[in-house]
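The values are calculated or read from the model by the stated rules, or taken from the named source; none is laboratory data. Remember, predicted model here, so these are calculated numbers, not experimental data. Cβ: placed from backbone, ideal geometry, glycine included. Neighbour counts: every protein chain shown. For the accessible areas, the whole protein counts, side chains as well, though only heavy atoms, and no ligand, DNA or RNA atoms are used. Shrake-Rupley method; radii C 1.70, N 1.55, O 1.52, S 1.80 Å.
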Amino acid sequence: TKLWNAARFVLMQCEGRWPEPGEVALTVADRWILARLQAVTAQVHEGFRAYRFDLVAQHLHAFFWDEFCDWYLELTKPVLQDPEAPPARQRGTRRTLVEVLEALLCLFHPLMPFVTEEIWQRLAPLAGRSGETIMHQPFPEPDPARRDPEAVEEISWIMEFVLAVRRIRGEMDIPPRRPLTVLLRDHGEEDRRRVREHLPYLQALAALEEVRLLEAEAAAPEAATALVGRMQLLIPLAGLVDVEAELARLGKEIRKLEQALERARRKLADARFLERAPTEVVARERARADELEERLRRLRTEQARMAAIRQEQGP
């Protein structure tokens, strides 16, 4: 299903538009996925040589699902859906979509012959391929000249940034598409360049309304924080959560954990339990007490943060 859906997206973007004349320019995302394609192609060849068809399937699944679908297809949207994007970039992205998908179909074909044949028949004219069947196409070969460490590093930074925002959303129960303001502190020259150049990607993938750079001495509101390299990413929490409801929820959860921790501590302080219980049972109880303490620490930190936000907001 995922392969069908990815192919449908590529065909929707490219049928009737590609091949098309004119200059072609590749975005950093295009360069990245082409570089990653060379890496997975090399892994596939190595797996076939070793008769490790399980590893071939794992490498292809990881590349297709985690990189091509979850990241690259999303990274194409700010370019393809922007009416003001340079036509050369849009042509480059469409060409890359077709090229990578066609190579993936060929790589997958020995493992998934029927679905890849069906999709290839639709894609072949766009890829400039002739012939009656995918079986007669040359098997992709890795091209070391197309490795692109710079593009890989740039996209890795974008991923780290986006995942940091998503992690905060998950922890704070903020809706995935609610626009956020992000403040950046302890940023270096390279961070500032990347924010300028990749802002459309950051806004699209992390659903950001604004990204602001803070000077070192500038005060910041109470915020959820994460690190992107050495740069600190802050999302102001005022107005994003129901502070009173969150404080009530945290208080209830803290009381429950405190009771559970007290029971665990009483058991560990009981000499009869320590003497009679198997070693692994005692170790498991100690590990559980440690986990409860860590969860309590996190919840109390969050409770203090919510209390600070309530104080900021005033009566």
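General observations
- Antiparallel DSSP beta bridges within the chain, percent to nearest 5: 65 percent
- Heavy-atom surface analysis with a 1.4 Å probe gives the range 241-315 a carbon and sulfur content of 47 percent of its accessible area.
- Considering only Pro138, Pro176, Pro125, the Gaussian network model of the chain with Cα springs below 10 Å gives its largest mean-square fluctuation to Pro138.
- Rounded to the nearest 20 debye, dipole of the chain from Cβ charges on Lys, Arg, Asp, Glu: 1040 debye
- With every protein chain in place, the range 104-197: carbon and sulfur % of accessible area (1.4 Å): 52 percent
- Residues of the range 119-187: accessible area per residue with a 1.4 Å probe, Å²: 57 Å²
- Magnitude of the charge dipole, the range 211-252, Cβ model with Lys/Arg +1 and Asp/Glu -1, debye to 20: 200 debye
- Neighbourhood charge, 14 Å Cβ-Cβ cut-off, centred on Met159 and excluding it, Lys, Arg +1 and Asp, Glu -1: -3
- Normalised contact order of the chain, rounded percent, pairs of Cα under 8 Å and 6 or more residues apart: 16 percent
- Once the Cβ-Cβ distance of Leu227 and Val152 is raised to the sixth power relative to R0 = 25 Å, the FRET efficiency obtained is 0.75.
- Ellipticity at 222 nm from helices only: DSSP H runs of n ≥ 4 in the chain, each -39500 (n - 2.57), divided by the residue count, give -21500 deg cm²/dmol.
- Other residues lying with their Cβ under 11 Å from the Cβ of Val281 contribute a combined charge of +3, Lys and Arg counting +1, Asp and Glu -1.
- Charge sum, other residues only, whose C-beta stays under 13 Å from Glu246's C-beta, Lys/Arg counted +1 and Asp/Glu -1: -3
- A probe of 1.4 angstrom, applied to the heavy atoms of all protein chains, finds Arg300 with accessible area near 110 square angstrom.
- Here's the list of aspartates and glutamates a cross-link from Lys256 could span, going by alpha-carbon distance under 20 Å and ignoring same-chain residues fewer than 8 apart: Glu171, Glu244, Glu246, Glu285, Asp290, Glu291, Glu293, Glu294, Glu302.
- 1.4 Å probe accessible area per residue over the range 1-86, in Å²: 51 Å²
- Calculated diffusion of the chain, Stokes-Einstein form, Kirkwood radius summed over Cα pairs, 4 °C and 1.567 mPa s, µm²/s: 55 µm²/s
- Size of electric dipole in the range 85-140: Cβ of Lys, Arg +1 and of Asp, Glu -1, about Cα centre, debye, nearest 20: 400 debye
- Translational diffusion of the range 112-227, estimated by Stokes-Einstein from the Kirkwood radius over alpha carbon pairs at 4 °C in a medium of 1.567 mPa s, is 72 µm² per second.
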